[in-house]
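The structure appears below as structure tokens.
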Amino acid sequence: MADEAVEQKAHTELWVERTGVRRYTGHSSRGAEVLVGSEDVPGVFTPGELMKIALAACTGMSSDHPLARRLGDDYDATVRVSGAADRENERYPELTEVLELDLSELDPDTRDRLLVTVERAIDRVCTVGRTLKAGTTVKLEITTE
């Protein structure tokens, strides 16, 4: 049964379908949807915003275990992410994340040790961050009918 869960997890299908002018809906085979479009379309995320959200979510999820272990399962965290696009080169040259936590109940030594542990966890298991830092190969295939 564990092998089935790993196989199912590894084979989540992702796709977008065009729903209007510069407007798409992203889908996963697990039933999730996200609205995608250009900045001038209300109620959607741009592709760049989704990339930033993916990075912030990955950072949050990667830090979840060490933080919950020390602060309890109900701790509050917000990960803010920003970075302006370089429109001349059509890329984001720098993304900045800020992980906001209330650690006021911890003594300074415990706080510092926890922050080191959190940074290590993020560096080790945040796949999105690791991919962005290392770069990746993107392959495009176009099929026609």
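Things to note:
- Stretch in the chain that is longest and holds no trypsin sites (Lys or Arg not before Pro) that DSSP places in a loop and that have at most 15 other beta carbons within 10 Å: 31-86
- Pairwise label distance in nanometres, Glu88 with Ala68, each label 7 Å out on the Cα-Cβ vector: 4.6
- Segment 90-145: C-alpha gyration tensor shape, a/c 1.5 cut-off, then a/b vs b/c: prolate
- When you filter the GluC sites (Glu not before Pro) in segment 8-87 for DSSP loop state and at most 14 other Cβ atoms inside 10 Å of their Cβ, you are left with Glu13, Glu39.
- Across the options Cys126, Leu71, Leu101, the greatest Cα extent toward the positive end of the charge dipole of the chain (unit charges at beta carbon of Lys, Arg, Asp, Glu) belongs to Cys126.
- Helical contribution to [θ] at 222 nm, DSSP H n ≥ 4, -39,500 (n - 2.57), averaged over the chain, rounded to 500: -13500 deg cm²/dmol
- Long-range HN-HN contacts of Cys126 with modeled amide H, under 5 Å: none
- Our compactness index for the chain, the C-alpha radius of gyration over the empirical 2.2 N^0.38 Å, is 1.27.
- Two-site FRET efficiency, Thr143 against Leu14, from Cβ-Cβ distance with R₀ of 22 Å, rounded to 0.05: 0.85
- Label point distance in nm, Thr96-Thr25, each placed 7 Å from Cα along Cα→Cβ: 3.7
No value in this document is a laboratory result; all are computed from the given coordinates. All figures in this text were calculated on a predicted structure; none of them were measured in a lab. Here Cβ is always computed from backbone atoms with ideal geometry, including for glycine, and neighbour counts include all displayed protein chains.
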